[in-house]
Amino acid sequence: MKALLEVNNVTGGYSPSRAVIQNISFDIHAHEIVALIGLNGAGKSTTIKHILGLLQPLEGSIHIAGQTFQSDPDHYRLSYGYIPESPIYYEELTLWEHIELMAMSHGLTKEQLDQRASVLLKEFRMEEMKNRFPQQFSKGMRQKLMIMMALLVQPPLYIVDEPILGLDPLGIRSLLTWLERCKEQGAGILMSTHILATAEKYCDRFILLHKGQIKAQGTLAELRQFTGLTNHSLDDIYLHIVEDEKQ
Amino acid sequence: MKMDMEQLFQKRLHAFSTEFIKYAQYMANGGVLFVAVFLAGLISMYYRSIIELIPAWFPLVHALALVMAIVVTRSPHRTFLLEADLIFLTPHETRLAGYFRRAQVYNFFVQSVGLFVLVLLLFPMYTNAAGADKIQLWLYWLIPFLLKGWNVHSSWIFLRLPAVQAQRLFFAARFLLSYLILAWIFSAGQFLTFGYVPCGAVLSALLLVWLHRQMRKVQAQHPLKWYRLLAMENGLRQRFYQIMNNFRDVPALQHQVKPRFWLTRLAQLLPYSPAHTARHLYARTFIRSGDYAGIYARLVCLGIIVILVLPNLYAKAIAAALLLLMTASQLGGIWRQQGKRASHQLFPVPPSEQKRAFVWLRSTLLLFQGVVHIAVLLW
């Protein structure tokens with residue numbers, strides 16, 4: 001089966017003279033959630049910016065559904081749903097208008113919009129915020145807006161950057177169960193995080209990023225085999241790999 | 001280390017004046033100022049003849065006193081306070097008298113400039129109405145500034161009051177006092193004088209004594225209200241940036257958003273379709289953000305007034321055309337604002353389509369303005 005997202009030997013960063021990530025290769029298929037794990041500054045967000053087409057790789061290539069950003073920018077941007085780490089929004093649009101314009105720009109019909117949005121608003125308990133402005137929201141509520149906008153368009157690929165920070169426990173549960181349902185329905189999900197317990201519970205595969213390089217990737221069983229730490233948690237495995245690096 | 005508070009004020013004033021001069025240069029270079037000066041010139045050519053249109057029954061003296069009383073009473077206070085002062089300056093509150101005294105002097109002079117322009121503008125009306133003699137004219141030029149000084153002083157003290165209602169009450173009292181005095185002076189002592197008893201003057205005197213007793217009490221009982229001072233300072237600073245933003249983009253300007261749900265109904269008239277995403281977005285930006293809609297409405301109204309007031313058809317046409325130019329330049333801010341922010345990638349709308357949507361919005365608004373002005377012209 002063809003991968004939804006293919007990242008091939010990507011080296012890149014913010015300036016050509018200083019590469020932040022080096023030789024990154026992985027892919028994401030339908031029906032799986034993949035965790036991108038790393039410390040602060042490991043290169044998670046940089047990797048994601050490359051995938052979104054906001055940064056151009058110095059070397060290597062990135063394909064979503066077989067297409068690169070250069071080959072068809074407009075179509076490329078429509079082919080994923082992105083939940084950013086820090087919420088971005090228009091100060092002059094209400095919550096509902098954000099959702100409406102998101103649906104409009106992705107070509108959803110009015111019926112699809114009304115039907116999907118009402119379910120999402122209920123799930124994330126944001127119905128009463130419909131006509132209010134994100135400026136007046138707490139960080140977690142803004143995060144929910146980002147989540148609802150991404151989930152609304154039901155793309156084949158989700159790119160989720162640190163979704164859990166700032167969300168309340170109910171919000172976290174809603175998001176994760178929702179993502180699992182998307183996965184069952186055939187979506188591929190890349191989720192960057194450093195909350196390892198959650199990653200271990202919900203993700204099928206793990207990509208361990210350290211100082212801009214992939215140290216290991218695979219399922220939990222494969223990682224255990226790789227490190228020789230049978231019966232250990234993802235937490236232990238990750239710390240083992242990072243500590244190893246120090247010595 | 002002991003801080004010299006007066007020197008601190010001097011430093012901050014200096015920083016602000018450097019900023020002001022920088023923007024003033026942009027202002028002098030821009031087209032908007034040229035248009036404004038031209039329009040002012042056009043109107044001033046006809047100013048005298050417009051004044052003569054005022055009917056004799058109109059209580060001009062009282063209207064002048066009213067307008068001037070409003071300007072004299074409104075005394076916002078710039079203090080050049082910064083957010084961090086909540087931590088660093090609050091421990092020195094009792095030693096800040098010198099700092100704030102200087103701020104008051106600054107505010108008096110800055111507000112006097114505006115007042116001077118107003119007094120100058122109203123002068124021909126006053127001489128027309130009162131045909132006043134020499135002492136009267138001296139008083140006309142002197143009293144508003146004295147009242148301004150007193151209002152700056154007293155409103156600063158009332159700013160210490162915690163309750164907003166109490167503040168409003170004292171604002172009303174200051175306004176009443178200012179109006180009574182101005183009307184009494186402008187009417188050469190006629191106002192509220194029955195027989196030989198100048199009731200207006202007596203009332204003013206009583207009001208003044210009462211206010212001063214209240215001021216003493218407030219000063220003794222209430223400390224400075226730091227959050228209010230800071231909010232006022234930030235508001236005034238943002239307003240300055242907003243004005244300067246008409247001439248040149250100000251990075252520090254935070255575009256205020258007003259909900260205006262009654263107006264966004266207009267934006268909802270646009271059809272729901274992928275091709276209209278950007279139009280929806282720009283229409284709402286225009287209605288809610290940075291007061292673009294407010295400026296637009298003011299320019300349209302200004303145009304209507306100017307067209308009605310100017311006697312000459314060519315003058316009307318030139319003024320209307322200039323206002324159209326001004327509107328176009330103001331609306332350009334929407335495009336510049338949009339390009340500057342990170343959220344422009346939120347919806348996948350290609351830049352070319354965004355530009356088209358902006359051009360559509362601007363053309364629609366200019367067309368509407370043109371139609372309104374032509375309608376007024378023909379009427």
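The values are calculated or read from the model by the stated rules, or taken from the named source; none is laboratory data. None of the values given here were measured: they were computed from a predicted structure. Every residue, glycine as well, gets a Cβ built from its backbone with ideal geometry; the counts of neighbours run over all protein chains shown.
The criterion of at least 2 residues that are of a type in the set (Phe, Trp, Tyr) is met by none of the strands (runs of 3 or more DSSP E) falling completely within region A:185-247.
Within region B:298-315, one or more residues are outside any helix (DSSP H, G or I) and either at positive phi or crowded, with 20+ Cβ neighbours inside 10 Å (or both).
In this entry, B:Leu229 passes the filter for residues that are in contact (Cβ under 8 Å) with a residue 60 or more places away in the chain and either of a type outside the set (Lys, Arg) or assigned by TED's automatic domain parsing to the domain that holds B:Glu83 (or both). In the set (1) more than 14 Å from every other protein chain (Cβ to nearest Cβ); (2) of a type outside the set (Asp, Glu); (3) within 30 Å of A:Tyr89 (Cβ to Cβ); (4) more than 28 Å from the chain's Cα centre (by Cα), the condition left unmet by B:Thr277 is number (1). Residues in region A:125-169 that are assigned to a helix (DSSP H, G or I), exposed (fewer than 15 other Cβ atoms within 10 Å of the Cβ) and within 12 Å of chain B (Cβ to nearest Cβ): 2 in all. Among the residues of region A:182-234, the ones that are within 19 Å of the chain's Cα centre (by Cα), surrounded by fewer than 20 Cβ atoms within 10 Å (Cβ to Cβ) and β-branched (Val, Ile, Thr) come to 3 in all. Of the residues screened, A:Gly43 is one that is in contact (Cβ under 8 Å) with a residue 60 or more places away in the chain and either within 14 Å of another protein chain (Cβ to nearest Cβ) or not acidic (Asp, Glu) (or both).
Among the listed residues A:Asp236, A:Asp204, A:Asp244, identify the single one that is closer than 24 Å to A:Ser174 by Cα and among the charged types (D, E, K, R). From the options A:Asp236, A:Asp204, A:Asp244, the qualifying one is A:Asp204. Yes or no: region B:82-95 includes at least one residue that is within 23 Å of B:Leu211 (Cα to Cα), out of contact with any His (no Cβ under 7 Å at 6 or more places or on another chain), of a type in the set (D, E, K, R) and in a loop (DSSP other than H, G, I, E, B). Taking every residue of region B:82-95 in turn, none turns out to be within 23 Å of B:Leu211 (Cα to Cα), out of contact with any His (no Cβ under 7 Å at 6 or more places or on another chain), of a type in the set (D, E, K, R) and in a loop (DSSP other than H, G, I, E, B).
No other residue among A:Ser25, A:Ser61, A:Ser71 is more than 30 Å from A:Arg142 (Cβ to Cβ), free of Cβ contacts under 8 Å to residues at least 12 places away in the same chain and polar (S, T, N, Q) apart from A:Ser71. Applying a threshold of 6 Å to beta carbon distances and a minimum spacing of six or more residues, or different chains, the list of pairs starting in region B:175-191 at a residue that is aromatic (Phe, Trp, Tyr) and ending at one that is surrounded by fewer than 20 Cβ atoms within 10 Å (Cβ to Cβ) reads B:Trp184/B:Ala201.
For region B:233-274, the set of residues classified as more than 9 Å from chain A (Cβ to nearest Cβ), aromatic (Phe, Trp, Tyr) and surrounded by 15 or more Cβ atoms within 10 Å (Cβ to Cβ) consists of B:Phe240, B:Tyr241, B:Phe247, listed by residue number. Among the conditions (1) within 11 Å of chain B (Cβ to nearest Cβ); (2) closer than 21 Å to A:Phe206 by Cβ, the only one that A:His106 does not satisfy is (2).
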